[in-house]
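Student: I have a structure I would like to understand better, so I am pasting it below and will then ask my questions one at a time.
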């Protein structure tokens with residue numbers, strides 16, 4: 001367990017579901033605002049089943065920053081290289097999402113959450129940890145680059161007949 005200015009980093013439990021939804025809903029709204037051709041508002045909470053599954057699987061984890069209430073959350077999972085002769089067979093970790101309540105940012109919580117996912121993944125044999133950041137999210141990209149993350153590839157897209 002790590003602590004940062006009155007927030008404790010710990011594994012999430014089922015009682016953290018509502019807080020997880022509150023934090024991730026804000027990120028979903030940002031994505032809908034910036035990429036409306038890709039993201040839409042769901043008719044019901046999209047993470048209910050996913051949250052329970054992530055808590056129960058040995059190849060995924062959910063970590064929270066707790067300051068009497070959840071002020072940050074990170075989701076991690078393990079992946080394996082494709083089973084093709086051109087790939088070195090290895091496992092790697094993925095930070096599948098990280099959110100810190102805006103009122104709690106710039107206190108080291110994001111860094112501790114990231115470190116917790118990295119430690120978890122490496123403990124399960126990961127040879128690296130990766131994540132995805134949309135190009136519009138320069139603040140997140142700067143945060144991860146400050147932690148030593150570097151671009152691995154660039155994903156390009158071109159809209160089709162009915163897509164932007």
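Quick note: the coordinates plus some simple rules give every number you see, no bench work behind them. These figures come from a predicted structure and were not determined experimentally. Virtual Cβ from ideal backbone geometry, glycine too; neighbours counted across all protein chains shown.
Student: So for each of 79-85, 130-136 I average, over its residues, the number of other beta carbons within 10 Å; can you give me the resulting order with the highest mean first? Walk me through the intermediate numbers first.
Tutor: On the way: 79-85: 9.7, 130-136: 14.0.
Taking the mean over residues of other Cβ atoms within 10 Å, the ranking is 130-136, 79-85.
Student: Going by average Cβ density within 10 Å per residue, which order do the peptides 64-77, 37-50, 147-160, 94-107 take, highest to lowest? Please list the in-between numbers first.
Tutor: Details: 64-77: 22.1, 37-50: 11.4, 147-160: 8.0, 94-107: 17.6.
Result, highest mean Cβ count within 10 Å first: 64-77, 94-107, 37-50, 147-160.
Student: Cα gyration tensor of region 34-164, axes a ≥ b ≥ c as square roots of the eigenvalues: rounded (a/c below 1.5), prolate (a/b > b/c) or oblate?
Tutor: Working: a/c = 1.35, a/b = 1.04, b/c = 1.29.
Taking the square roots of the gyration eigenvalues as a ≥ b ≥ c, region 34-164 is rounded.
Student: While we're on this one: Which percent, to the nearest 5, of DSSP beta bridges fully inside the chain are antiparallel? Please report the intermediate quantities before stating the final value.
Tutor: Working: 23 of 26 bridges.
Percent antiparallel among DSSP bridges in the chain is about 90.
Student: Sticking with this one: Can you give the calculated 222 nm mean residue ellipticity of the chain, where each DSSP H run of n ≥ 4 adds -39,500 (n - 2.57) and the sum is split over every residue, rounded to the nearest 500 deg cm²/dmol? Write out the running numbers ahead of the final one.
Tutor: On the way: 4 runs with 51 residues, N = 164.
Calculated mean residue ellipticity at 222 nm is -10000 deg cm²/dmol.
Student: Can you bin region 11-96 into rounded, prolate or oblate? Criterion: square roots of the alpha carbon gyration tensor eigenvalues sorted a ≥ b ≥ c, rounded for a/c under 1.5, prolate for a/b above b/c, oblate for the rest. Intermediate values should be presented prior to the final figure.
Tutor: Working: a/c = 2.29, a/b = 1.34, b/c = 1.71.
Oblate shape, in that a/c is at least 1.5 and b/c is the bigger or equal ratio.
Student: How high is the relative contact order of the chain, given as a whole-number percent (alpha carbon pairs under 8 Å, six or more residues apart)? Intermediate results must be reported in sequence, preceding the final value.
Tutor: Working: 218 pairs, mean separation 33.6, N = 164.
Value for the chain: 21 percent.
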